[in-house]
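Okay, so here's the structure we're looking at.
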Amino acid sequence: MTHPFLDLAPLDAGRFAAIEDRVARLLGTTRDVLITQGEALLPLEGAIRGTAGPDTVALNVITGPYGQTFGDWLRDCGATVHDLAVPFHEAVTADQVRAAFAEHPEIGFVSLVHAEAATGNTNPVAEIGAVVREHGALFYLDAVASVGAEPVLPDTWGVDLCVIGAQKAMGGPAGVSAVSVSERAWARMAANPTAPRRSYLSLLDWKERWIDGGRKALPHAPAQLEMLALDACVERIETEGPATVMARHASAAAATRAGASALGGGLEPYVRRARDAAPVATTLRAPDGVDASELVARALVADPALPLVAGGGALAGEMIRVNHYGPHATPGAVHGCLAALGAALAEKGAATDPEAARRAAEDAWHA
Ligand SMILES: *Cc1c(COP(=O)(O)O)cnc(C)c1O
């Protein structure tokens with residue numbers, strides 16, 4: 001008997017290239033799009049190690065945990081790194097980036113995370129991209145958490161290296177990822193003596209063996225199941241319409257924000273201004289004296305399938321994350337999370353108004 005996951009026809013070069021083209025259309029890019037055979041950390045690290053070296057002066061924007069990681073990789077490559085860290089409850093501004101260039105005109109590389117699922121903020125990439133272009137620096141963007149939840153337009157924004165993954169708002173697999181690469185970025189890699197070669201981290205290997213050869217022969221066995229899942233998830237987005245998918249995420253974020261504020265009990269949005277809040281996930285600040293991870297554990301008792309988690313690492317005590325992305329970008333998931341948090345707070349003796357939360361969330365969803 002054939003097994004649906006195991007006994008598949010081989011995924012050939014033509015199909016692989018067609019999936020790359022489909023992802024390129026989703027990003028509205030005419031640049032090379034490479035589907036990397038690993039989770040998004042693979043192209044995120046490969047793109048930094050490919051372009052950065054001892055001659056690189058980098059501006060590394062930190063609005064969450066991934067920015068920290070990028071700074072570590074850049075330093076490991078020997079780059080001079082200027083960190084621009086902003087509090088996790090807000091977004092970085094184009095003016096802050098402009099000021100960093102004024103202070104360090106030699107900056108030639110900028111790394112930025114678009115939206116942060118881990119902290120719930122989103123950064124104004126279009127405005128920042130304009131500043132980066134003015135200074136001619138290479139622009140690296142982690143759009144893993146934004147793609148599918150809000151527009152990601154690497155060509156329009158002048159992003160040289162744009163990394164995406166399908167596991168968040170795209171509702172797809174985590175085991176493959178993609179990066180769009182500008183001609184400038186390829187040239188930088190080709191000129192970089194420390195760029196990985198003959199290595200799993202090497203984007204240049206794929207350029208030479210796959211792209212430059214006209215995408216006729218795959219250099220390695222592809223992650224077949226994950227490639228099929230990626231194709232299916234982009235097809236599903238095309239069918240629903242990318243604008244509709246993004247609107248669902250924006251509504252879920254607005255509804256969660258409004259509902260949490262109306263719930264009372266001391267719960268409040270973690271990201272202070274609504275325009276800095278990411279459509280992909282909403283972070284909430286636990287009331288004073290309440291431990292976020294304990295509250296989330298209580299809230300999940302009745303329904304462990306709700307997309308609720310406590311913040312990671314040092315944020316576990318104060319941050320609650322409502323991961324309303326992908327299949328959870330629905331009114332049901334938002335109402336479920338608010339009701340569960342309300343019940344958990346009530347158990348702790350807090351005065352909450354679940355009905356007001358429900359109404360506020362519903363109004364905000366349709367606003
Ligand atoms: C989720 C995410 C990634 C991918 O990392 P995981 O550890 O697999 O979740 C990368 N960057 C950002 C900004 C993310 O939100």
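Below is a table of values for the structure above.
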read-out: Number of positions in segment 74-133 that are in a helix (DSSP H, G or I), closer than 20 Å to Thr156 by Cα and within 16 Å of the ligand (Cβ to nearest atom); value: 2
read-out: Identity of the residue in segment 39-55, open to solvent by 10 Å² or more (accessible area, probe 1.4 Å) and not in a helix (DSSP H, G or I), that ends up nearest to the ligand (Cβ to nearest atom); value: Glu39
read-out: Criterion: in contact with a Phe, Trp or Tyr (Cβ under 8 Å, 6 or more places away or on another chain) and open to solvent by less than 40 Å² (accessible area, probe 1.4 Å) - qualifying residue of Ala195, Ala255, Ala223; value: Ala255
read-out: Residue identified as out of contact with any Ser or Thr (no Cβ under 9 Å at 6 or more places or on another chain) and open to solvent by 10 Å² or more (accessible area, probe 1.4 Å) among Thr69, Thr122, Thr80; value: Thr69
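So that you can scan it fast, the table gives a plain yes or no per residue for (1) modelled with pLDDT of 95 or more; (2) under 29 Å from Asn323 (Cα atoms); (3) away from the ligand (no atom under 12 Å from the Cβ):
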residue: His135; (1), (2), (3): yes, no, yes
residue: Pro151; (1), (2), (3): yes, yes, yes
residue: Ala166; (1), (2), (3): yes, yes, no
residue: Gly171; (1), (2), (3): yes, yes, yes
residue: Ser180; (1), (2), (3): yes, yes, yes
residue: Arg197; (1), (2), (3): yes, no, yes
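The values are calculated or read from the model by the stated rules, or taken from the named source; none is laboratory data. The structure displayed is predicted, hence computed values, not measured ones. Cβ: placed from backbone, ideal geometry, glycine included. Neighbour counts: every protein chain shown. For accessibility, only protein heavy atoms count, side chains too; no ligands or nucleic acids. Shrake-Rupley method; radii C 1.70, N 1.55, O 1.52, S 1.80 Å.
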